[in-house]
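K.L.:
First the structure, which I've put down as structure tokens, then a few questions once you've had a look.
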Amino acid sequence: MMNSASAIDIGRPAIPWETRRHFWRGELKGSEYTWALAFLVPYIAVFLIFVAYPVVYGLWMGSDAGLYRQLFADPIYQNTAVNTVLYLALAVNVKMVLALLLSGFFMRPGRWTQALLMIFVLPWAIPALSAFISIHWMLNGEWGFLNNLLYTLFHIDGAYWLNDRWLALGSAIVSHIWKWLPFWMVILIAGRMAIPLDIRDTAKVDGATGVRSFVHITLPLIANLYLTCTLLSTIFTLGDFNTVYFVTGGGPANLTHVLATLGIRDAFDIAQPRLGVAAVMSALPLMIPLVLVLMRRLRTAEVQL
Amino acid sequence: MAYLTRRSLLGRSLALAATASFARPHIAKAAATTATMWWAQGFVQDEDIALRKVVSDYEKASGNKIELSIIPFAPERQKIISALTSGVVPDLFNNNPGEIIAQYGWKDRWVDVSDVVETQKDKYSKTALLAAQPYNNVTKQRSFYGVPIQGAVVPIHVWKSLVEKAGYQISDLPKTWDAFFDFFKDVQKKLRDQGMRKIYGQGFQVTANGVDPNNLFYNFLSAHGGKDIVTSDGHTHLDDPQVREAAIKTISYLTSSYKDGYVPPSAINWNDADDNNAFHAHLMVMDVDGTLSTEVAVKAEHPDQYFKEMHTQGYPLSNDGKPVTALFGVTCAMIPKGAKNVEVAKELLKYWIQPEVVGGFIQTGLGRWLPVMPDLVKDPFWQDPKDPHRPGYAKMGLIDPTMPYYYVYNPAISEIDAEHVWSVAEFDVIQRGMAPEQAVDKAFKRAATIFAKYQIA
């Protein structure tokens, strides 16, 4: 017996073969289509193996609701969630504001500015691991470089930077800013350099210099770039494992973990990889809106810098 | 003369492909004599040399091939967990982290290696045998899921030079627990009186990082009568008043030492390397730390420190004069289920655990690790009176009373340790002003929640 859906299908006019062929092939003819496929297949294969599969595998690993119950019952998780929000809010925004200001400074002409820029970019160029291990030792309360320097210069005993939750988290945030500030500053310098000179010159003729030029010319023109950089930096910072792991080790007493380090701890120290994935996946409610906003910005940003 | 036509070319290609397909089983059979092995990189290069020698000697003796990867400790741990998660596993690796023997034994993920252990079973120490038998929650019984290779205790390392500078001799060290550790408070006072502004008597790792703080807690717990917090049947005894009392005494001693200024303040957030660095920097007079790595690290560059300035010893007696049972960590070799060349892996292990082979292996590695066979420490290498460290270390590990790490009894302990439940209790007292009793009760409550997931009948 024929069902109603089939009856409707029968009633529809059949899509002509040529139309379907055009849908798949576009304007390509003969061997062009084969070549197009040949170029496309490796890309699709790489995409499936290295992008789609890991994402789906990760989603599958973190798909059990029981993992989240276990995660939320972990007393460390709540602190970690708070730390992650603070880490993102402070590290990203302070870093980006400083990058914006310093990008203006380094736009100044002069050889000494260029020389200073080279030095300033160094933290970004050196390997993260050795930098953060060095910072961990520098911050040691008894024999660390920082406290020894304070004692030598001012005869004062410095704080135990890694003993207190907020000092330790602050140290990690400062370390992150120190490491990644140069990168974003260079991006913003490039953005400033793309502002046409005639706009600046016209503004100068109209009397807009200094702060007024920054507020009325530079800022509006690089606002989209700044926002895009901030969103990207938020996504990168959310996955930043090295800074906290090597500077504070998540201590004292597990009080400075962020989701990235907690995920690694759960996966490899407690040997529960699925719980580790769940820890990282718990950031998705924050990540997905960020990615959506970012994609929307990228679509609308094409008319501006 | 035959001409090469398109048809003949295709025909010959097909014939070649068919021949290659039939030849594959032979190649596969030949590959069956190759096993893949992962092992953690040694603390000193000599340990890696020793491992390569064992593997190469076995290859010569058997004709088999071992693809050995020596991997730094932390990356190896991640590789192992990832391999066990994905199911694509090598044929053999060490238990890194140590707890995985229990955690994955619980899930029935190891090949039973009783037949390997059986070949030398009478030579092993009782502790080593216990350490290789985690509980399998699928078969509901214990079995040998690891082959003990080497072990380590957590000895006490002392700067003899600093003790002498304070006006004492090593022979002045008291023989009972609290008096022994209190002695270093006095040494600190004397040294500070001499102008050493930043010297500390006690190197206690009151941190929530790494394995050191757990080792410290359990050894203190044992000394205070709480050894049976978990028994070899896997049952926990958190409700035993004696265990609770021991935990309170442990937390009280460690935290009061810290609060009174006898422990470096940064110890609250040390990692496993920080106490070694602090000890080498003469920041503290004594350290309680696993293996002889503290001493071995300076032997080549500072022989005077190794031979004249450092002192290593086992634990003092408990406060009531009884020997204290020390934790003995055992490195086991394990074969994961899914390994392709189990027979080769087992054969290598049978070769490796022959006393003369495994004994030589540990000695070539400079003796940072201990043998797991008591007879092996009778060797002059371990009894050399000119060496100020090895004889005491060997006595502590293989003559004095020892027990395996608690996680072998019940894998819940590995989760408790990774979460650093005991360190958090110390932190609660030190930073949050909690009374030791309250901190212990809070920690026991958390431990009980974790134990509830690992019930052993």
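K.L.:
Please identify the helices of chain B, taking whole runs of DSSP H, that span at least 27 Å along their own axis as judged from the Cα atoms and have a mean Kyte-Doolittle score of -1.0 or higher. Could the numbers behind the result be given before it?
P.N.:
Values: long enough: B:6-31 (36 Å, 0.26).
Helices meeting the criterion: B:6-31.
K.L.:
Assign unit charges at the C-beta atoms only (+1 for Lys and Arg, -1 for Asp and Glu), then state the dipole size of the protein assembly as shown relative to its Cα centre in Debye, rounded to the nearest 20. Please report the intermediate quantities before stating the final value.
P.N.:
Numbers: 68 positive and 68 negative charges, 556 e Å.
So the magnitude is around 2680 debye.
K.L.:
Quick one: which of B:123/B:299; B:165/B:299; B:65/B:337; B:249/B:445; B:79/B:227; B:189/B:227 span more than 25 angstrom between C-alpha atoms? The partial results should precede the final answer.
P.N.:
On the way: B:123/B:299 31 Å; B:165/B:299 22 Å; B:65/B:337 20 Å; B:249/B:445 18 Å; B:79/B:227 33 Å; B:189/B:227 32 Å.
B:123/B:299; B:79/B:227; B:189/B:227, as the Cα separations exceed 25 Å there.
K.L.:
Got a number for carbon plus sulfur as a percent of the stretch A:128-242's accessible area, 1.4 Å probe? Walk me through the intermediate numbers first.
P.N.:
Numbers: 4190 of 5720 Å².
It is 73 percent, rounded to a whole number.
K.L.:
If you don't mind, another one. For chain B, what proportion of DSSP beta bridges, expressed in % and rounded to the nearest 5, is antiparallel? List each step's numbers first, then the result.
P.N.:
Numbers: 19 of 34 bridges.
Of those bridges, close to 55 percent are antiparallel.
K.L.:
Along the charge dipole of the stretch B:243-349, which of B:276, B:349, B:319 sits closest to the positive end, that is, farthest toward it, with unit charges on the beta carbon of Lys, Arg, Asp and Glu (+1, +1, -1, -1)?
P.N.:
B:349
K.L.:
Here is a further query. If you take every DSSP beta bridge whose two residues both sit in the protein assembly as shown, what share of them, in percent to the nearest 5, is antiparallel?
P.N.:
Working: 19 of 34 bridges.
Antiparallel: roughly 55 percent of the beta bridges in the protein assembly as shown.
K.L.:
Moving on to the next point. Which aspartates and glutamates have a Cα less than 20 Å from the Cα of residue B:322, not counting those fewer than 8 places away in the same chain?
P.N.:
Reachable aspartates and glutamates: B:172, B:178, B:182, B:228, B:245, B:400.
K.L.:
Follow-up question, since we're still on this one. Once A and B are treated as a pair rather than alone, how much accessible area drops out, both sides summed, in Å² to 100, probe 1.4 Å?
P.N.:
Rounded to the nearest hundred, the buried surface is 2800 Å².
K.L.:
To the nearest 10 degrees, how steep is helix A:145-154 against the longest Cα principal axis of chain A, on a 0 to 90 scale?
P.N.:
30 degrees
K.L.:
Can I ask one more? Which cross-chain or sequence-distant (5 or more) residues have an amide H under 5 Å from the amide H of residue B:142, H modelled 1.01 Å from N in plane?
P.N.:
HN-HN under 5 Å from residue B:142: B:136.
K.L.:
Leaving ligands, DNA and RNA out of it, report the carbon-plus-sulfur percent of the accessible area of the stretch B:106-149 at a 1.4 Å probe.
P.N.:
49 percent
K.L.:
Follow-up. Could you derive backbone 3J(HN,Hα) for the stretch B:196-210 from the dihedral phi with the Karplus parameters 6.51, -1.76 and 1.60 (θ = phi - 60°), listing whole Hz in sequence and x where the residue is Gly or Pro?
P.N.:
Taking θ as phi minus 60°, the curve returns 7, 5, 10, 10, 10, x, 10, x, 8, 8, 8, 10, 10, 10, x Hz for the stretch B:196-210.
K.L.:
Less than 16 Å apart at the alpha-carbon level, and either on another chain or at least 8 residues along: which aspartates and glutamates does that give for residue B:308?
P.N.:
Cα-Cα hits under 16 Å: B:164, B:295, B:384, B:387.
K.L.:
Can you find, among A:136, A:221, A:155, the residue farthest towards the positive end of the dipole of the stretch A:117-253? Put +1 on the C-beta of Lys and Arg, -1 on that of Asp and Glu.
P.N.:
So the residue we want is A:221.
K.L.:
Okay, moving on. Can you give me the solvent accessible area of residue B:259 with a 1.4 Å probe, rounded to the nearest 10 Å²?
P.N.:
Surface accessible to solvent at residue B:259 totals approximately 120 Å².
K.L.:
A further question follows. Between residue B:333 and residues 5 or more places away or on another chain, which pairs have amide H atoms under 5 Å apart, with H built 1.01 Å from N, and which residues are they?
P.N.:
B:147, B:149
K.L.:
To test your reading of the geometry: what angle, between 0 and 90 degrees and rounded to tens, separates the Cα axis of helix A:31-47 from the longest principal axis of chain A?
P.N.:
40 degrees
K.L.:
Ok, one more. For the stretch B:240-371, what is the charge dipole size about the Cα centre, in debye to the nearest 20, if Lys and Arg each add +1 at the Cβ and Asp and Glu each add -1 at the Cβ?
P.N.:
Details: 11 positive and 16 negative charges, 99 e Å.
The dipole magnitude comes to about 480 debye.
K.L.:
Sorted by accessible area with a 1.4 angstrom probe, largest first, how do A:19, A:256 fall?
P.N.:
Numbers: A:19 75, A:256 0 Å².
Most to least solvent-accessible, the answer reads A:19, A:256.
K.L.:
A further question follows. Among the aspartates and glutamates, select those whose C-alpha is under 16 Å from the C-alpha of residue B:350, and discard any that sit fewer than 8 residues away in the same chain.
P.N.:
Correct list for residue B:350: B:57, B:59, B:91, B:112, B:115, B:118, B:122.
K.L.:
Ignoring ligands, DNA and RNA, please state the percent of accessible area on the stretch B:367-457 from carbon and sulfur, probe 1.4 Å.
P.N.:
57 percent
K.L.:
Would you mind working out the accessible area per residue for the protein assembly as shown, using a 1.4 Å probe, and quoting it in Å²?
P.N.:
Working: 36370 Å² over 762 residues.
With all protein chains present, the protein assembly as shown gives 48 Å² per residue.
K.L.:
Counting only the heavy atoms of the protein chains, how much of residue B:398 is accessible to a 1.4 Å probe, in Å² to the nearest 10?
P.N.:
We get 20 Å² for residue B:398.
The values are calculated or read from the model by the stated rules, or taken from the named source; none is laboratory data. Computed from a predicted model, the values in this text were never measured in an experiment. Virtual Cβ from ideal backbone geometry, glycine too; neighbours counted across all protein chains shown. Note: areas computed on protein heavy atoms with side chains; ligands, DNA, RNA excluded. Shrake-Rupley method; radii C 1.70, N 1.55, O 1.52, S 1.80 Å.
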